[in-house]
Structure formats: C-alpha cells, structure tokens
Amino acid sequence: MSSQEKKLGLGSVIATGVGLIVATSCLMSIGQGASAIGTPFIISMAIACAFNILTALSICELNALMPNLTGGMAQFTLASCGPVLTIITNVGGFLCCQVILGSSEAAMFGNTLSQVLPPLPIPGEVYSIALVLVLCLLNLRGVDMFAKIQNIVAYTLIGSLVVLGILGMIKVNPETVVEQPAVLSSKFSDIFSLLGLSFFLFIGVEFIVPISPEVKNSRKIVPLGMVLSLVIILVMQIFVTLGFKNYAAWDELSQSTIPHVLYGTALLGKVGTIWMSVVSLLAVISTVNTIMFGVPQLCYGMAKIDLLPKFFMHKNSHGSPYIGLILVTVALSVLNATGLSSSEKLVFFINTGCVFWIFCYVMIHIDVIIQRVRVPRAPRTFKLPFGILIPIIGIIGNLYMIWSISPDKESRLVIFGIFGGVSLLLGIYAFFWVKFRMKRPLFKPFEIKEVMAMDTDLYQIRHYPALAKKLHMEAKPEVEAMSPETNTGTRPEV
C-alpha cells in the first residue's frame, strides 16, 4: 500500500474528534444545564463551542510550528514559558484533569448498569471499578481493543443522539409528552453562569493533533476537522436539549445521573431504554479506555523531555508504559470507591476537572502569543488570521469560564481551592525537580530545536545511554539526520 493510500481523510479526522469528545457524562451535563434554565442553555453551549473553536485554531498553529511531538501540549509550553509552568499546566491541566473526568465516566458506567440491569445487591461503584480493572489488564497487554471500532462507536453515538433528539423535537410519541415551559430563565447572568459546565461538552479536540502526520493535506484538513467536530457536536446537543424539553421533566432531569436513559425510556419505552443504554455504555468504555491509554502515553512523552521521572518511560514486553497505567488505574479505582455516584458529586468532579483543563487552554493561547513575538517569521503551515487577536479573545473567554465554573458560589470557591492547592503542590514539585534534577532555569523557555530533539530516541541514547539500552531504543538514520545535536554530540545551548 502506498503512502498516499495510507493518508487519512476528513471523515476519520472528524470521527477522532467526535469519538474523544462525546461521552456519557456530557449527556448528564446537558441535563444539568437544561434543567437549570431550560432551552436557553443552547445559547450557553454555542458560546462555549465558539471559544473551544478558538482554542482548536491556536493548537493548530502550535502544531504547525512544532509538528509530530509525543508529549501532548507539554512541548509547546516548554518552548514558550519554561519548565515550571509546563509541569504545573500539563500535569494539572491534562493528567490530573483526565483522571478526574475518567472517574466521572467510570461512575456513569456503574450508574447505568445498576439502573438498567435486573435488581441486584451490587453497588454501582463495583461495576465502575471492574471496568477500570478490565481495561487496565487489556492495556497492559498493549491491546487497545476499541481502536478498530472507535469510528463506528463515534458515528453510532452521534447518529443515535441526533435521531433520538429529532424524534423528541417532533413529539413522535404524543402519549408521553411532558407539558412544561421551554424557558426557565432567559437572564444573561444565568446563561453565562453555565459557560463552565458547557465548556465540558467540547473539550478534547486537541487529541486530533497526534494523527495529523497521517492526514492528507493536513494543513487544511486538520483545522477543518477540528472545527467541524465541534460544530457537529453542538448540533447534536441542540437536538438533545430540545428533545429533553418534551420528554423529561426539568426537576427529574436535574436529579438523574443517566438523563439520556430517562429520556430514551420516555420517548420510546423499553426500546429507547435499551438503545440509549447500549450506545452510552459503548461510549463510556471507549472514553475510559482512551484515557487509560492516553494518560500513560502523556507521562511517557513528558518523561522524554525530562519533566517527569524517567521510570514513566519503562514499558513491558507488550510495549505498554505500565507504570503510568497502573497509577491511573489506582487513581480511578480510589475515586470511584469513595462513592462517586450521585449527580451532585459527578457535576462537582466534572467542574473541578474543567478548571484544570480550561487553564491549560489559556496557556495554549499564551504559547501562541509568545511564539508570535519570539519567532514571528518561523515557517508555519497554518497561521491564525488577525495577528494575536484570536488568542487574546480566547484567553478572556476561558478565564471567564473559569470564574463562572459553577452557579453556586460555595461550590465555586471549593473548586478554586482544590485548583489552587493542587497547583501549589505541583509548583513545589516543579521547583525542586527543575532546580535540582534538571538543573535548568525555572522559567526560561527551551529553544524549539532542543525541545524537538529531546523528543527523539537519539537524544535519549546520547544523554541516557543506560536507560535507552534498557528500553531498546535505536537511533534511526532519518532522526539522526534531522537532530540539531548530530554534529556536536552535546546538549544544545538554551
């Protein structure tokens, strides 16, 4: 098969974005937002979608400047703001956040099974932890059993929700229609107070970036795929919200941990219950599996650039970075064992994770601005229009979403406290790690060429020969040819 035949098209890009963003906890978030203000929640979702599109465009520019890197967003910030801020934002913004949100997804799995299966004396937490353990065993063997059906799951999920939303909009089953006001509040203050919750419905589009080397005409297809993924998801969520209005009482919706199953049952009876349950369970499994596969890979990538201990680079005989995987498994299991099952707790966990993730998106916009100033003429296959206006608007919007993460002031203060406490602990770790382990300036950015070199096996072989030998790394000729260290054999000056 030629390289041309191996290139991915727009359909695969969209499926990747949709499959990673849409999860069953998103459906619960729609239920929580809609039950709070009614159909005006659609306005909140549209605003949040717009700000996430701005973030996606900033990510595209950074990826065009520093392509084909493995550490997630860490390399972008390392080359812009230095190692301390990189550790705080990426460990907190991506690693901690994904563990928190993965716990919420696992809890949704337990809630769904405990409510749709015949009555059994089994708590939902048991189902959740069992799912995590099974996926851990599969990933330890280097098997991502859902990779081949990810596209099928994504399009099945979106298609099903669009169809069910439209059926609800047109009141296909008039016998079970709920008569209730469409608008509970049209105040802009109430609409904007739900932006933080709405943000969660669109996070994760940056996971399209790693597949960009395999995308045909990636300069155009990747940004277009990111934007279309977000727009498609918004349209689906609008249909679902309008369907909820006709078939799910607002007060019941606010209390349900599986609002999509509640809606499907009211709409189509037993058929709707089974339909929604099967689709949502597949989505949960796919999402949790992606997190359990992706977080250890992010740890592996950050270890390659010295931001995390090198033991995260160790892999078992099946090629799985097992230490990161085991730590993620323990974290997910502990969080679910504490009783992460009520709607209130799930929303709190989701909002807490969102603050970390939104802050990471703020840093992405800042990275774009810094690189525009530092290397304005560096070649970029994709560049944002209007100078730094889009990143500035994105920063303002994301900061506002952090400020309005919860309409309840007391919950918001607790969330900010958790964010501040975790950031402080990460800052202490980062200070000692950078000062005494890396022996580098705390806030001085690395050169782009050094960051790109550190991501290669050749760099690990040159600077950590014992570890590289143990990990069976090889210096590929094409890598050696492109490395800025090839002629010197020394660490590049920063």
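Computed quantities for the displayed model
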{"quantity": "Which of 323, 313, 284, positive extreme of dipole for the range 239-326 (C-beta unit charges)", "calculated": "313"}
{"quantity": "Relative contact order [Cα under 8 Å, 6+ residues apart], the chain, whole percent", "calculated": "31"}
{"quantity": "In the range 154-246, the GluC sites (Glu not before Pro) that fall in loop regions by DSSP, at most 13 other Cβ within 10 Å", "calculated": "179"}
{"quantity": "Interatomic Cα distance distribution for the range 356-454, bins of 5 angstrom, percent", "calculated": "2, 10, 14, 17, 17, 16, 13, 8, 3, 0"}
{"quantity": "Cα-based helix-to-principal-axis angle, 24-37 vs the chain, degrees rounded to 10", "calculated": "60"}
{"quantity": "Under-5 Å amide H pairs with residue 215, H placed in peptide plane, nonlocal only", "calculated": "8"}
{"quantity": "Per-selection metrics, the range 267-375 (Cα): Rg and Dmax in Å", "calculated": "18.8, 60"}
{"quantity": "Cα-based shape type of the range 209-337, given that a ≥ b ≥ c are square roots of the gyration tensor eigenvalues and the cut on a/c is 1.5", "calculated": "oblate"}
{"quantity": "Derived scalar couplings ³J(HN,Hα) [the range 267-282; Karplus, 6.51 cos²θ - 1.76 cosθ + 1.60; whole Hz; x for Gly, Pro]", "calculated": "7, 10, x, 5, 4, x, 4, 5, 4, 5, 5, 5, 5, 5, 5, 4"}
{"quantity": "Estimated 222 nm signal from helices in the chain, with DSSP H stretches of n ≥ 4 weighted -39500 (n - 2.57), rounded to 500", "calculated": "-22000 deg cm²/dmol"}
{"quantity": "With Cα atoms, 0 to 90° folded angle of helix 343-374 axis to the chain main axis", "calculated": "40"}
{"quantity": "Positive-end extreme of charge dipole, the chain - chosen from 201, 27, 185 (charges on Cβ)", "calculated": "201"}
{"quantity": "Share of pairwise Cα separations in the range 322-414, more than 18 Å, in percent", "calculated": "63"}
{"quantity": "Ellipsoid equivalent to the range 224-287 - semi-axes via the Cα gyration tensor, in Å", "calculated": "23, 16, 11"}
{"quantity": "For the range 152-273, radius of gyration divided by Kirkwood radius, i.e. Rg to Rh on alpha-carbons", "calculated": "1.05"}
{"quantity": "Accessible solvent surface per residue of the chain, calculated while the other protein chains remain in place, 1.4 angstrom probe, Å²", "calculated": "41"}
{"quantity": "Residue-by-residue Karplus 3J(HN,Hα) for the range 296-303, coefficients 6.51, -1.76, 1.60, Hz, glycine and proline x", "calculated": "x, 5, 5, 4, 4, x, 6, 5"}
{"quantity": "Cβ charges +1 (Lys, Arg) and -1 (Asp, Glu), total dipole of the chain, debye", "calculated": "1220"}
{"quantity": "Cα-based Kirkwood hydrodynamic radius, the range 269-325, one decimal, Å", "calculated": "13.1"}
{"quantity": "Fraction of the pair-distance distribution of the chain above 46 Å, Cα-Cα pairs, percent", "calculated": "10"}
{"quantity": "Pairwise centroid distance, computed over Cα atoms, of the range 393-411 with the range 213-234, Å", "calculated": "27"}
{"quantity": "Degrees between helix 97-116 axis and first principal axis of the chain (Cα, 0 to 90, nearest 10)", "calculated": "30"}
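The values are calculated or read from the model by the stated rules, or taken from the named source; none is laboratory data. Everything quoted here is computed from the prediction, not taken from an experiment. Here Cβ is always computed from backbone atoms with ideal geometry, including for glycine, and neighbour counts include all displayed protein chains. Just so you know, the surface numbers come from the protein's heavy atoms only, side chains and all, with ligands and any DNA or RNA stripped out. Shrake-Rupley method; radii C 1.70, N 1.55, O 1.52, S 1.80 Å.
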